[in-house]
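Any read-out appearing in this document is the output of simple, stated calculations on the displayed coordinates, not a laboratory observation. Because the structure is predicted, anything quoted here is derived from the model rather than measured. Because the Cβ atoms are built from the backbone with ideal geometry, glycine has one as well, and the counts that use them run over all protein chains shown.
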Amino acid sequence: MATGTGRGRTAAFSDAGPGEYFSLLKPRVMSLVVFTALVGMVAAVAGGGEVHPMLAAISLLAIAIGAGASGALNMWWDADIDALMARTVLRPIPRGLVDRSSAGAFGLVLSVLSVTLLWLASNVLAAALLAFTIFFYVVIYSMWLKRATPQNIVIGGAAGAFPPVVAWASVTGTAPVEAWTLFAIIFLWTPPHFWALALYREGDYARAGVPMMPNVRGEAETRRQIFLYAIIMAVAGVAPFAMGFAGPFYGAVSLGMGAAFAWLAWKVRADEQGAKRSAQRLFGFSILYLFTLFAAILAEDLVALYV
Amino acid sequence: MSDPNADKRRKQRNLAIGGLIAAFVVIVYFVTILKIGGQIAERPF
């Protein structure tokens, strides 16, 4: 029985097994969210916050489910353009494995469950921040900005930057400036990360009519902006050390990784002929950059707490 | 006539949903115990 109509291909929902539903949650994005949230949580504890380990684990699970729910709702809304891009054509809805309405319902149910669970396990601020994150990613980014402006991922990047703040709030019931510093690092990291991807996947976004920076303002302007953001991001990356809530180990790591990021961004800017290859290299490094910085905070805090 | 492959996937899906609901109930139970604490009977109303 074929069900589901609208902008994606229709699918018989009896075709979908649990695995297809799981891939609606964007597991790779979810793992990065879990990691940055874990760092926010541990940093909050290192800063004097107290939380029962089991409640912390359940809060982390709720944040992960919330991130997955956002992913499912994003795939529900973007099914039409996902079918046009090589990067997304193998997602369950374009492949006809899950129908759009089931994906939407799945995302909505998980959103409500994740926010409720976080509220029960921690506090109202964390739950409200998680609800706002899901709203921001689905409504502000996916529904509004993504197809409207090349600044889509600049503003939309906030959605991916919220998890450490949500996690911090789940421990302390507050969202202090330290948590917003972690937010700022991810927020400023997002534009160079996605524009590097867009530079070597430009055809994809143009075909889908998504106004990414390279196909609206041109490659040269994108390369210039990548470099500018890389500089600001590298400076923000050192802020946790400068502000005193990360130690000298983090300071050295963030300084070195920031310099390497800026240098690779400069290569993207300067190397007009091989810009696509440089962009691919910067994209790969950007993932390592974020992971290393957050891992350094985690390592320092764990040592401070347990050694 | 029903497709045996579709039936199998429907069964897997139903089992997964059942398992997740059971897990949610258990998690909420533990959250309640942990939030209220061990001295439930001695709490003033």
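Count charges around A:R223 for me, please; just the other residues with Cβ under 14 Å from its Cβ, Lys/Arg as +1, Asp/Glu as -1.
On the way: positive: A:R217, A:R224, A:K267, A:R269, A:K276, A:R277, A:R281; negative: A:E202, A:E219, A:E221, A:D271, A:E272.
Counting the neighbours of A:R223, the net charge comes to +2.
Which Cα, out of B:L34, A:L108, A:A86, lies furthest along the positive dipole direction of the protein assembly as shown (beta carbon charges, K/R +1, D/E -1)?
A:A86
Other chains' Cβ within 10 Å of B:5-17 residues: what's the mean? Please report the intermediate quantities before stating the final value.
On the way: counts 3, 6, 1, 2, 9, 5, 1, 4, 7, 1, 1, 5, 2.
Per-residue shielding by partner chains comes out at 4.
Mind checking which lysines have their C-alpha under 26 Å from A:K267, skipping anything on the same chain fewer than 8 residues away?
Excluding near neighbours in sequence, the set is A:K276.
Sequence neighbours fewer than 8 away in the same chain don't count; with that in mind, list the lysines whose C-alpha is under 24 Å from B:K11.
A:K26
For chain A, return all DSSP H helices satisfying: extent of Cα atoms along own axis at least 30 Å; mean Kyte-Doolittle hydropathy at least -0.5. Intermediate results must be reported in sequence, preceding the final value.
Working: long enough: A:53-77 (36 Å, 1.42); A:100-121 (31 Å, 1.52); A:177-200 (36 Å, 1.20); A:219-242 (34 Å, 0.85); A:248-270 (32 Å, 0.83); A:275-306 (45 Å, 1.03).
Membrane-span-like by this rule: A:53-77, A:100-121, A:177-200, A:219-242, A:248-270, A:275-306.
To check my understanding: the extent here is largest minus smallest coordinate of the Cα atoms along each principal axis. What are those three numbers for segment A:50-160, in Å, largest first?
Sorted from largest, the Cα extents of segment A:50-160 read 47, 32, 19 Å.
Which log10 I(q)/I(0) values, to two decimals, does the protein assembly as shown give at q = 0.08, 0.11, 0.13 Å⁻¹ under the Debye formula with one point per Cα?
Ignoring solvent entirely, the Cα scatterers give -0.43, -0.80, -1.06.
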